[in-house]
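Scroll down for the structure; my scribbles are underneath it.
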Amino acid sequence: MDWTLHLHSRLRRSQLLAERKTQIARLSDRQPYVAETKYQRLVELDRRHLGNAHPVTLNAVLALGTWQRFLGRYQEAVAMLDTAVPHYHPVQHRNGLLIARAVRATIHAHLGERAEAERDLRGIVDEAMRVWGAEDRVTLHTRAYLAGVLADGQADEAVTHMADVVAIRTRLFGPDERMTLCSRHTFGMVLVAAGEVDRAEVEFGAARNDTAAGRSCNLICEHGEAAIAAARGQRDVAIRGYESVIRGWTDYLGPDTPRAEDPRKDLAELTGSAS
């Protein structure tokens with residue numbers, strides 16, 4: 001198919017390439033590294049056939065950078081997003097630009113640059129709020145990103161952000177809408193960080209209702225439930241939970257995945273070992 005793209009009109013090419021991104025997203029839960037390779041190929045095709053500044057190209061770069069962040073390829077993700085940010089039109093493509101900047105900021109937090117990440121995210125949230133208001137999709141996304149960074153050290157503020165995000169999404173889209181449920185497991189982790197384990201248990205229980213959730217969502221919920229057990233003194237339950245989460249991440253993403261680092265750290269703290 002790739003070699004025939006030039007035979008189509010520019011509009012049709014953009015449609016075909018956008019459809020390919022959707023197909024790759026469906027693959028990511030089963031074959032995460034195959035999905036990364038396909039995203040990389042898609043970005044190359046988009047740039048060649050549509051140019052660096054085309055919205056379809058920018059969406060593909062954002063998808064690749066976001067996926068690389070998920071995989072723990074932080075340096076590659078930052079480099080990828082940095083290639084896109086200068087090509088967003090600051091007004092016409094402001095929504096994509098703010099999301100790309102927010103994703104990039106969360107990566108800087110993972111790399112230890114927490115103060116810079118927090119500053120950037122606060123500015124991004126303020127801009128989204130000013131332009132679109134409190135209930136816009138971009139505002140909600142960026143507030144959730146900010147909450148994730150604030151959870152380490154400023155958990156009470158993180159709780160406030162995620163409580164708002166969940167409440168607004170529930171009111172606008174319903175309690176069983178996919179993004180509502182996804183935000184609830186994020187809220188659960190923030191509540192665990194704040195020590196509010198009873199509230200966290202409710203959020204994880206609700207997130208479990210997402211029957212279409214991928215492996216990562218399930219593992220995040222499982223990790224949160226293990227942390228709740230640890231906080232309640234249910235040591236054996238917590239150990240089994242952490243061990244299950246570690247196995248789950250390594251089975252999914254390989255033994256070196258950064259995604260297993262947090263449950264390993266939690267397990268080591270619980271058992272007093274360098275697990």
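Here are a few things to note about the model shown:
- Test: residue in the stretch 68-75 that is at pLDDT 95 or above, closer than 24 Å to T139 by Cβ and surrounded by fewer than 20 Cβ atoms within 10 Å (Cβ to Cβ): yes
- The set of residues in the stretch 176-203 that are within 16 Å of C217 (Cβ to Cβ), touching a helix residue (DSSP H, G or I) at 6+ places or on another chain (Cβ under 8 Å) and not aliphatic (A, V, I, L, M) comprises E177, T180, C182, S183, R184, H185, T186, F187, G188, E203.
Here's the yes/no breakdown for (1) more than 27 Å from G224 (Cβ to Cβ); (2) hydroxyl-bearing (S, T, Y); (3) touching a residue at least 24 places away in the same chain (Cβ under 8 Å):
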| site | (1), (2), (3) |
| --- | --- |
| R69 | no, no, yes |
| V78 | yes, no, yes |
| P90 | yes, no, no |
| T106 | no, yes, yes |
| E116 | yes, no, no |
| L121 | no, no, yes |
| R143 | no, no, no |
| E157 | no, no, no |
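- Within the stretch 251-266, being surrounded by 15 or more Cβ atoms within 10 Å (Cβ to Cβ) and either over 27 Å from Y33 (Cα atoms) or without any contact (Cβ under 8 Å) to a residue 24 or more places away in the chain (or both) holds for A260, R264.
- Considering residues of the stretch 196-221 that are among the charged types (D, E, K, R) and open to solvent by 40 Å² or more (accessible area, probe 1.4 Å) only, the residue modelled with the lowest pLDDT: R208
- Inter-residue pairs, beta-carbon under 8 Å, first more than 21 Å from P263 (Cβ to Cβ) and in the stretch 193-206, second open to solvent by 60 Å² or more (accessible area, probe 1.4 Å) and assigned to a loop (DSSP other than H, G, I, E, B), 6+ apart: A206/P175
- The conditions of being touching a residue at least 40 places away in the same chain (Cβ under 8 Å) and either more than 18 Å from the chain's Cα centre (by Cα) or not in a loop (DSSP other than H, G, I, E, B) (or both) are met by A18.
- Which listed residue is among the β-branched types (V, I, T), open to solvent by less than 70 Å² (accessible area, probe 1.4 Å), under 20 Å from the mean Cα position of the chain (by Cα) and over 25 Å from T142 (Cβ atoms), from I246, I228: I246
Rundown of residues vs (1) open to solvent by less than 50 Å² (accessible area, probe 1.4 Å); (2) among the basic types (K, R); (3) in a loop (DSSP other than H, G, I, E, B), yes/no style:
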residue	(1), (2), (3)
G123	yes, no, no
E127	yes, no, no
R130	no, yes, no
L140	yes, no, no
A147	yes, no, no
D152	no, no, yes
A158	yes, no, no
H161	yes, no, no
D164	no, no, no
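- Output for the stretch 26-45, where each listed residue is part of a helix (DSSP H, G or I) and open to solvent by less than 50 Å² (accessible area, probe 1.4 Å): L27, P32, A35, E36, Y39, L42, V43, L45
The values are calculated or read from the model by the stated rules, or taken from the named source; none is laboratory data. Being a predicted model, the structure only gives us computed values, none of them experimental. For neighbour counting, all protein chains shown are included, and Cβ atoms are generated from backbone atoms with ideal geometry for every residue, glycine included. For accessibility, only protein heavy atoms count, side chains too; no ligands or nucleic acids. Shrake-Rupley method; radii C 1.70, N 1.55, O 1.52, S 1.80 Å.
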